[in-house]
1. Taking region 48-70 as the region of interest, how many residues are open to solvent by 40 Å² or more (accessible area, probe 1.4 Å) and more than 15 Å from the chain's Cα centre (by Cα)?
2. Given the criterion open to solvent by less than 30 Å² (accessible area, probe 1.4 Å), under 11 Å from the mean Cα position of the chain (by Cα) and closer than 20 Å to I169 by Cβ, identify the matching residue among T38, T15.
3. From the list D45, D83, pick out the single residue that is open to solvent by less than 60 Å² (accessible area, probe 1.4 Å) and either farther than 19 Å from A159 by Cα or in contact (Cβ under 8 Å) with a residue 24 or more places away in the chain (or both).
4. For a quick check of your reading of the model, give me the residue pairs whose first member lies in region 153-178 and is in a helix (DSSP H, G or I), whose second is open to solvent by 50 Å² or more (accessible area, probe 1.4 Å), with beta-carbon atoms closer than 6 Å and at least 6 apart or on different chains.
Amino acid sequence: MWPWGHLAVGYLVYTGLARRRTDRPPTGEAALAAVFGTQFPDLVDKPLAWSFGVLPSGRSLAHSLLTALVVCGLVWLVARRRDRTRLAVAFAVGYATHLATDAIAPLLAGDFRDLASLGWPLLPLPTPEPGIGFLERFATMELTPYAWFQFALVGLALAVWVRDGRPGIGTLRKWLGSWRRAVGS
C-alpha cells in the first residue's frame with residue numbers, strides 16, 4: 001500500500017475508535033500520533049533498505065510484529081510516564097493498521113510468502129527487492145483497481161477529517177509558532 005493509503009486507513013480507524021470511546025473526534029495531538037504511526041514502518045525500513053542497504057528489504061525490521069510490539073511497548077511506557085497514554089494508543093493504532101494493510105494484497109493474492117516480513121527475523125524474507133528508490137517506484141506505479149481503491153480511501157478520509165474539524169492543523173500551527181519563537185530568540 002502507498003503512504004497515502006496507509007494514512008487514510010489509519011486515520012479512519014483511529015477516528016472511529018476515538019468517536020466510539022469518547023463520542024468526539026480525535027484531538028490534534030492524537031490524530032498526529034496516529035498519522036505518524038501509519039508511516040513509521042516505512043520511514044524506518046525504506047530508507048535503511050533502499051538508500052543505505054542496511055536492511056534486506058523495505059519490509060523487514062519495522063514491518064515485523066516483534067518490532068511493532070517492542071516499539072509500541074516503549075512508546076506506551078514513555079507516554080504513561082507523561083500521562084499521555086492516549087497518544088501511545090493512537091500511534092499503536094496507526095502502526096497496526098500499516099502492518100494490516102500491507103498484508104491485504106498478499107492475502108488476497110494467496111501469496112503467503114510475502115507475509116514473512118511480519119515474522120522477520122524469525123521467518124526468511126522472500127526474494128530481495130530491486131534496488132530502486134521511492135521516486136522510481138512512484139514513477140512506475142500502475143493505476144490498478146487497488147490503487148484507485150486507495151485514492152478513494154484518501155477521499156473518504158479527507159471528508160471525515162474535515163467533518164472532524166481538521167484535527168492536527170491547530171496543533172501543528174502551535175508547534176511551529178513555538179519553534180519560530182525559540183529559533184527567533
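The values are calculated or read from the model by the stated rules, or taken from the named source; none is laboratory data. The model shown is predicted, which means the values in this text are computed figures rather than measured ones. Neighbour counts run over all protein chains shown; Cβ positions are idealised from the backbone, glycine included. These accessible areas exclude ligands, DNA and RNA; they are computed on the full protein's heavy atoms, side chains included. Shrake-Rupley method; radii C 1.70, N 1.55, O 1.52, S 1.80 Å.
1. So the count comes out to 9.
2. From the options T38, T15, the qualifying one is T38.
3. Of D45, D83, the one residue that is open to solvent by less than 60 Å² (accessible area, probe 1.4 Å) and either farther than 19 Å from A159 by Cα or in contact (Cβ under 8 Å) with a residue 24 or more places away in the chain (or both) is D45.
4. Taking only residues 6 or more apart or on different chains, the pairs are V154/W4; T171/E29.
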